[in-house]
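Here's the structure, in structure tokens; my notes come after.
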Amino acid sequence: MKVTIRYFASVREAVGTSLDTVELPPNSNLENLFTHLRDLRPRLWNLVLEDRKDGMGRRLVLLLDGMRVDALDTEIRDGSQLVIMPPVAGG
């Protein structure tokens, strides 16, 4: 199945691109996706590890098909789009 990953702001700068499209086996989840990306985008893997250490969502915001997700066991569907960005604060 095909999944599109979009990177924004400092995450885009860290990984060196704004977009990846990857093929994953059926019934994959976010953890499978990040494992697949580990070799392709090692700096992203480091950000994910730091985020998990600090408590998911403190350093990265994950939006899967427009909905915020925090659990790496969240299932991904064919054609899904994952957005990865730093937390946003406003005022």
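The values are calculated or read from the model by the stated rules, or taken from the named source; none is laboratory data. From a predicted model like this one, the values you see are computed outputs, not experimental measurements. Quick reminder, even Gly has a Cβ in these numbers, built from the backbone with ideal geometry, and neighbours come from all protein chains shown.
Points to keep in mind about this one:
- Residues that are outside any loop (DSSP other than H, G, I, E, B) and buried (at least 16 other Cβ atoms within 10 Å of the Cβ), drawn from region 59-80: V61, L62, L64, V69
- Across region 60-88, the qualifying residues are those that are touching a residue at least 60 places away in the same chain (Cβ under 8 Å) and aliphatic (A, V, I, L, M), and the one among them that is nearest to S28 (Cα to Cα) is I76.
- Any chance E13 is surrounded by fewer than 17 Cβ atoms within 10 Å (Cβ to Cβ), modelled with pLDDT of 90 or more and at negative phi: yes
- Test: residue in region 34-54 that is at pLDDT below 90, more than 16 Å from F8 (Cα to Cα), loosely packed, with under 12 Cβ neighbours inside 10 Å and within 12 Å of the chain's Cα centre (by Cα): no
- Only residues that are touching a residue at least 40 places away in the same chain (Cβ under 8 Å) and assigned to a strand (DSSP E or B) were counted across region 1-37, and they come to 7.
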